[in-house]
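To start, the structure itself, in C-alpha cells.
The values are calculated or read from the model by the stated rules, or taken from the named source; none is laboratory data. It should be emphasised that the depicted structure is a prediction, and the values quoted were computed from it without experimental measurement. Just the protein is used for accessible areas: all its heavy atoms, side chains included, with ligands, DNA and RNA removed. Shrake-Rupley method; radii C 1.70, N 1.55, O 1.52, S 1.80 Å.
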Amino acid sequence: MREYLLTLLITAAVTYLLTGPVRKFAIVAGAMPEIRARDVHREPTPRLGGIAMFFGLCAGLLVADHLQNLNEVFAKSNEPRALLSGAALIWLIGVLDDKFEIDALIKLGGQMIAAGVMVVQGLTILWLPVPGVGLVAVTQWQGTLLTVALVVITINAVNFVDGLDGLAAGMVCIATAAFFMYAYRIWYGYGIEAAAPATLFAAILMGMCLGFLPHNMHPARIFMGDSGSMLIGLVLAGSAISVTGQIDPDRLNLFSGSERSTVHQMVPAYIPLLLPLSIIAIPAADLVLAIVRRTWRGQSPFAADRGHLHHRLLEIGHSHSRAVLIMYFWSALIGFGVLAYSVNSASMWIVLGVVFLSAVGLVMLLLPRFTPHAPRWAQHFVPPRYRRYPEPSEDGVNDGDEQGEGAAATLAEATTGPAAVAGAPGVNGATAIGARTRSAKNRKVRI
C-alpha cells in the first residue's frame with residue numbers, strides 16, 4: 001500500500017506542478033477558444049490541461065517501475081505498456097483537437113485505433129463472469145469488440161460530462177477511489193496477481209485527477225480539454241478491462257458451503273462486470289440521453305448542446321459549485337454503494353444506507369424549489385438568499401424579498417444584458433448567462 005500511495009502522490013505532484021506552465025503555454029499557443037453558446041464560463045479559458053495529466057501518467061508509471069513490489073507488474077504483464085501506448089495516441093488526438101477543433105468522426109476513429117493498440121499488446125477482455133452461468137470464454141474477435149466498445153463508451157462518457165469546472169476530474173477521481181479499493185482487495189486479500197495492474201492504473205488515475213483539480217475548481221484557471229478528458233476516460237476503461245474477466249472463482253474458494261452462501265460468495269466474481277459500469281453510470285446516462293435527445297431533434301449525435309445533466313442542474317436553480325457537488329455525491333453513492341455490496345452482499349444495513357442516501361440526494365436536487373428563511377438572530381450566519389428582509393416601509397416602497405430580487409435582476413441586466421434577468425428565455429439558472437456585449441477577442445487573460 002505504501003508503494004501505491006507513493007506512486008499516487010508523485011503522479012499528483014507532477015501533474016500539479018506542470019499545470020501552471022502548461023496554462024501559460026496554452027495561452028501563448030492560442031489554445032483558448034472563444035466562449036460558445038453552450039459554455040457556462042464567462043471568460044476565455046485556456047485548454048490543454050491534458051498535457052500535464054499525461055506527463056503525470058508517465059511519471060507514475062516510471063516511479064512504479066522502479067519500486068520493489070510494483071516492478072513485478074511490469075515484469076509479469078505487458079498491460080502497463082499497452083495502456084501507455086493507447087494513452088499516448090489518444091492524448092495526441094486530444095491535443096490536436098484542443099488546438100485545431102478536428103472533426104468528431106476523426107476523433108471517434110482515433111479512439112477506436114487507441115483501443116485496438118491496447119488490444120494488440122494484450123490489454124483485452126479474455127472472459128466474462130456471467131451470473132447463473134459462470135465464466136464464459138470469449139473468442140479473440142469478441143474480446144476485441146467488447147474492449148473497443150468499452151473504451152469508446154467510457155472515453156465519450158467522460159468527455160460529455162466535462163462541462164463544469166472540476167466536474168469530470170472530481171467524478172472520475174471519486175469513482176476511481178472506489179475501484180482502487182475493490183481491485184486492491186482482490187489483489188491483496190485473495191492473492192490474485194492479475195488484479196495488480198488494475199490497482200496500479202487506478203492509483204495513477206487518482207493522482208492525475210487530484211493534481212489537476214486545484215487548478216480546475218471553480219473558477220477554473222485552465223480546462224483539461226479533450227486531451228485530458230479522453231485521456232482519463234481511456235485510463236479508466238483500461239483499469240476496468242484489466243480486472244474484468246481476470247478473476248478465477250477457484251482462487252476465491254467460492255464453491256464451499258450451502259448453495260445460498262455460494263451465491264453470496266460469488267458476488268466478487270460478478271462485481272468486475274458491475275463496478276466498471278457503476279463508475280461511469282452517471283456519465284453513461286448523460287451520454288445515452290444526449291444521443292437520444294439529439295437524434296430525436298434530427299441532429300447529429302455529436303452536435304453539442306446545453307441539455308446535459310449539469311446544464312439541467314443549473315437551469316433549475318443550483319449554483320455552479322452546488323451542481324458539481326451534487327454530481328460528486330451521486331458518483332460516490334453509486335461507486336461506493338456497489339463496493340460495499342461486494343464486500344457484504346447479505347447485509348441489509350448496506351441496502352438501507354444506500355436508500356437513505358438516495359433520498360438525501362433527491363432532496364438536494366429539489367433544494368432550489370424551496371427557499372427557507374433563517375430566523376433573524378441567524379441571518380448574519382447564512383448566505384443572503386436565506387436571510388429574512390424587513391417589511392415594506394411606510395412610504396409604500398417594498399423593502400422585502402421583491403426589492404432584493406429586483407436589485408439582483410438589475411445587477412444581472414447591467415452585467416450581462418437584458419437576457420440575463422431571472423426568468424428570461426435562455427438563462428442558465430444561477431449562472432445567468434445571456435447575451436454578451438463585449439467580444440471575447442477583446443478580453444485579456446492574465447498569465
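Which value, in Å to one decimal place, does the Kirkwood hydrodynamic radius take for the range 101-249 when every pair of different Cα atoms is included? That comes to 16.2 Å for the range 101-249.
For the range 1-103, the per residue solvent-accessible surface stands at 47 Å², with DNA, RNA and ligands left out and a 1.4 Å probe.
Per residue, the accessible area of the range 157-210 comes to 21 Å² when a 1.4 Å probe rolls over the protein heavy atoms. The heavy atoms of ILE93 offer some 30 square angstrom of accessible surface to a 1.4 angstrom probe.
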